[in-house]
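Here it is: the structure, laid out below.
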Amino acid sequence: MSLSSALSPFRLREFNRNVQSFFLYGTSINAGLAVYTLLYNLYLLRLSYQEDFIGQVASMAPLATGLLALPIGVLSDRFGRKPFLIGSGLLLTVSQVGLCTTTAPTALLAFSFIGGIATSFIWVNHVPFLSDNAHPSRRAEALVIWSALQVVVRMMLSLIGGFMPGAMAYFLGTTTDAPEPFRYALLIGAALSLISVLPLLRIHGGETGHPKPDAELEDAPVPGARVWRVFTGIAALSATRGFSMGLTYPFFNVFFEEELHVGPAAIGAIFFLSQLVGLPATFSAPSLVRRFGPTLTILPVRAIGGGALAGMGAFISLPVAIFSFLLYRATEVIDNPADQHFSTQVLPRRYWARVQGFRVCGFQILSFAGSLLGGVLIIDYGYMAAFGLAAASRISSGIIMALFFGLRPGQRSD
């Protein structure tokens, strides 16, 4: 399946140059991230590190992202999104090169933190950038395309990436039990991250590709109590979801190799399948939100996703793990664009970057805590404890959304 054929229903050519350039950026930077997601923790295993240290390394990125999300949101409102997006590609390259060329624990933690700074630039700015540049009638579609890009690119790179260590081992005359084949594969991922900067240089002017919404609507006063209630609700539901992700996401590939004795190529195939089954779910997200509303879309998918995580931890079985992982990924790719679009609907445009800052801050700080705790839980009590706690946290995030915003929240119109 090609990238263009997968995304053809969305009429990419009808978006302006800024949005098209951003999608090219997203293709490249997500490719680099996909290689690291698949292979990096397996590389750490070959350096003789265990889950507790892997959790520490994984926790540095969300810590940096969480600490910087709010100030970056304010600064990007003032100076624009483009400088931060360019910085994301450059810093991510520095981080990824450092992570696969050094082996000292302190250096690995430091380079992971730098990678978190880079991802904070991405996650705080991608929703405001697309919302600024896409026409209001196609804003939700642009956000879904961004999510679909992540799914399609990571799907292809998971399949290709699973075979990269084997290919590198062949040329190096060694085996995939050694760290060197993984190191060279990871350097290819770093090169993909660097290439992502090039499309951003085509972004022009004030970074706005559609007429601004009516000034009266934008300047309409919003009571301070309501603004802070929204900020608190967004932070709380994102934090509980982030805690769940921190407990599980850094350890999925380690779980398949260490617990189920699956090799890198097979892990890549499983990750490929997880993205493949998620692709139709990504495309269905806008229609589900239009029909049922954001809460009645997000609440059940987080409950199903939580149940899938619990199943993975409770039954250490390859067939159960594969089925549960595929189900979990399908719910995640519905959840993410629905959540992103909802964050632009609850307050006027001038609050978007700050809403996204609270959203990212809550998610990443608790993801940091989850990654630290997850490694310890796995070493001491096994995967059942970490995945079970993640399931409870994920389900609670949907409940928090219903409590703060109601089952059918009123949405601001543009």
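The values are calculated or read from the model by the stated rules, or taken from the named source; none is laboratory data. Keep in mind it's a predicted model, so treat the numbers as computed, not measured. A quick note on method: Cβ atoms are made from the backbone with ideal geometry, for glycine too, and the neighbour counts reach across all protein chains shown. The accessibility values were calculated without ligands, DNA or RNA, using every heavy atom of the protein model including side chains. Shrake-Rupley method; radii C 1.70, N 1.55, O 1.52, S 1.80 Å.
Filter segment 129-163 for residues that are farther than 20 Å from residue 335 by Cα and of a type outside the set (A, V, I, L, M, F, W, C) and give the result.
Result: 132, 133, 135, 136, 137, 158, 161, 162.
Residues that are in contact (Cβ under 8 Å) with a residue 40 or more places away in the chain and on the phi < 0 side of the Ramachandran plot: does segment 168-176 have at least one?
So far as segment 168-176 goes, yes, one or more of its residues are in contact (Cβ under 8 Å) with a residue 40 or more places away in the chain and on the phi < 0 side of the Ramachandran plot.
So in segment 278-325, with the set limited to residues that are within 18 Å of residue 403 (Cα to Cα) and of a type in the set (S, T, N, Q), which one is modelled with the lowest pLDDT?
295
Another question, if that's okay. Select, from 183, 139, the only residue that is open to solvent by less than 10 Å² (accessible area, probe 1.4 Å) and either out of contact with any Pro (no Cβ under 6 Å at 6 or more places or on another chain) or part of a helix (DSSP H, G or I) (or both).
Just one listed residue meets the conditions, 139.
Search segment 380-393 for residues that are among the hydroxyl-bearing types (Ser, Thr, Tyr) and pair each with any residue that is open to solvent by less than 10 Å² (accessible area, probe 1.4 Å) and part of a helix (DSSP H, G or I) when their beta-carbon atoms are under 7 Å apart and the residues are at least 6 apart or on different chains.
383/255; 383/313; 393/244
Suppose we keep only residues that are assigned to a helix (DSSP H, G or I) and open to solvent by 30 Å² or more (accessible area, probe 1.4 Å) within segment 49-60. Which one would you say is farthest from residue 246 (Cα to Cα)?
52
All but one of (1) within 19 Å of residue 66 (Cβ to Cβ); (2) of a type outside the set (Val, Ile, Thr); (3) open to solvent by 10 Å² or more (accessible area, probe 1.4 Å) hold for residue 116; which doesn't?
So the condition that residue 116 fails would be (3).
Ok, one more. Tell me, yes or no, whether segment 172-179 has at least one residue that is open to solvent by 20 Å² or more (accessible area, probe 1.4 Å), over 30 Å from residue 291 (Cα atoms) and out of contact with any helix residue (DSSP H, G or I) (no Cβ under 8 Å at 6 or more places or on another chain).
yes
Hey, does segment 387-398 have a residue that's of a type in the set (Lys, Arg) and open to solvent by 10 Å² or more (accessible area, probe 1.4 Å)?
Looking through segment 387-398, none of the residues is of a type in the set (Lys, Arg) and open to solvent by 10 Å² or more (accessible area, probe 1.4 Å).
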